[in-house]
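Structure first, then comments.
Values quoted throughout were computed directly from the atomic coordinates according to the rules given, and no laboratory measurement underlies them. Keep in mind that this is a model prediction, so the values were computed, not measured. Glycine gets a Cβ as well: all are built from the backbone with ideal geometry, and neighbour counts include every protein chain shown.
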Amino acid sequence: MTLPTLGAFLAEQYRAELEAFRAALDAVPDEQFGVATLSHSPAWHALHIGEWLRVTVLEDRTPTFHHLGWEDREWVRSLGTAPAPLSETASKADILGQLDDIGARAVATLEAATETQLGGMVPSPSAPSGERPRLPALGQHLRHIAYHRGQVQLGKKGSR
């Protein structure tokens, strides 16, 4: 039996979690997608995870971050500020389409990644130094997606 590469393993974990997250978002009625029922709307959660996929997996530093949750921090401000491609008021289809695109690119990037490419450091505002090694950051990010999936599920219960 041939074991998968580390990149293939990570890609499968991300694919599974993103599918579960997407299913939770799909179950939100269109008219409630942009409405905050707890702290944020499902639209914000989708945009937030998309932006963190860009930072953590794709190493995208395009200055269009508005949903990271750390916009008041210097490391986000240092990326610059350009208009976000989408806001929470965009249609559910557009927001989910963007999440799907970013998610597919992230999975493909991980699938093709060598162990060397999975090394290095990535921004991590919760780490004392502001960054952490990529592999622990990827694991933490998977749990982060699951956390926001739970927030979407709780929000659906609160809107009934």
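For the pair region 55-111 and region 115-158, the centres of their Cα atoms are 14 angstrom apart. For residue 84 and residue 1, a Förster radius of 30 Å and the Cβ-Cβ distance give a FRET efficiency of 0.10, rounded to the nearest 0.05. Seen from residue 30, the other residues with C-beta closer than 12 Å to its C-beta sum to a net charge of -2, counting Lys and Arg as +1 and Asp and Glu as -1. Between residue 98 and residue 127, the modelled label-to-label distance comes to 2.7 nm, taking each label 7 Å out from Cα in the direction of the beta carbon. When you restrict to C-alpha pairs under 8 Å that are six or more residues apart and normalise by the size of the chain, the relative contact order lands at 36 percent.
Taking label points 7 Å from Cα along the Cα-to-Cβ direction, residue 8 and residue 146 give a separation of 2.4 nm.
Of the Cα atoms belonging to the chain, the radius of gyration and Dmax stand at 15.7, 49 Å.
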